[in-house]
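*Asks:* One structure, as C-alpha cells, below. Some questions next.
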Amino acid sequence: MAEREITCVVWHREDHHIEVIYVDGRPDHLIGPEGVAAELAQDTGLLLIVTSDDARRWVRDSDVPNL
C-alpha cells in the first residue's frame, strides 16, 4: 500500500486535537501535545504559518500565502 502524502497538520490547543490532512483530502484525527504535531510536521517538511493563539498550522511550502 502506498504512503499517503501529508499536505497540512493542524493542532488545536483546547483539546489537543491534531488533524493530519492528506493530498486526497481525507484527514486523520489524533490526540496529542503540540510537540507531537510539530515533530510530525517537521518530519514531513511542512512549515509553520501564522495562526491564532489556540491553534498551530503547518503547510507545504507551496501552500504558504504570499504576504
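*Asks:* Nearest 500 deg cm²/dmol is fine: what mean residue ellipticity at 222 nm does the chain get from its DSSP H runs of n ≥ 4 alone, each adding -39,500 (n - 2.57), divided by its residue count?
*Replies:* Here the helix-only value at 222 nm equals -5000 deg cm²/dmol.
*Asks:* Shifting gears a bit: For region 1-63, state which GluC sites (Glu not before Pro) are in a DSSP loop and have at most 16 other beta carbons lying within 10 Å of their beta carbon.
*Replies:* Those satisfying the criteria are Glu3, Glu5, Glu14.
*Asks:* Another question about this same structure. What is the chain by shape, rounded, prolate or oblate, if you read a ≥ b ≥ c off the alpha carbon gyration tensor as root eigenvalues and call it rounded for a/c under 1.5, prolate for a/b larger than b/c, and oblate otherwise?
*Replies:* In terms of gyration-tensor shape, oblate.
*Asks:* If you add up the charges near Arg4, with Lys and Arg at +1 and Asp and Glu at -1, over every other residue whose beta carbon is less than 11 angstrom from its beta carbon, what do you get?
*Replies:* Overall, the nearby charge balance is -3.
Read-outs: derived from the displayed coordinates by stated rules, not from any lab. Just so it is clear, the model here is predicted, and its values are computed rather than measured. Please note: Cβ atoms are built from the backbone with ideal geometry, for glycine as well, and neighbour counts cover all protein chains shown.
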